[in-house]
Amino acid sequence: MNAALVSRSPDEGASAPERRTEFSYGSADFERVRTLIYRKAGISLHARKQAMVYSRLSRRLRDLGHGSFAQAG
């Protein structure tokens, strides 16, 4: 697991407010990522990390040219 995906960020602790986002990303998507990170790295992410996780993963999707989380996964 890439450490950059789970490192601290300025928006750490921010809740996941409803907002328009570039990629569709809901609670089910976050739970999938959260479970994967726990299984692979033993890191337990709190629900408040949803915005941080979206931020980090959406950057990777753009870099890799994916149009959605589903397309990448």
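The values are calculated or read from the model by the stated rules, or taken from the named source; none is laboratory data. Here the structure is a predicted model, which is why all the values come from computation and not from measurement. Reconstructed Cβ throughout: ideal geometry from the backbone, glycine too, with neighbour counts over all protein chains shown.
Among the candidates ALA16, ALA51, which residue alone is at pLDDT below 90 and of a type in the set (A, V, I, L, M, F, W, C)? Steps first, please.
On the way: ALA51 fails: at pLDDT below 90.
Exactly one of ALA16, ALA51 is at pLDDT below 90 and of a type in the set (A, V, I, L, M, F, W, C), namely ALA16.
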Q: Collect the residues in the range 21-73 that are exposed (fewer than 12 other Cβ atoms within 10 Å of the Cβ) and hydroxyl-bearing (Ser, Thr, Tyr), keeping them in residue-number order.
A: SER24, SER27, THR35, SER44
Q) If the Cβ limit is 8 Å and pairs must be 6+ apart or interchain, which residue in the range 53-68 that is closer than 19 Å to TYR38 by Cβ and touching a residue at least 12 places away in the same chain (Cβ under 8 Å) pairs with which residue that is loosely packed, with under 12 Cβ neighbours inside 10 Å and not hydrophobic (A, V, I, L, M, F, W, C)? A) none
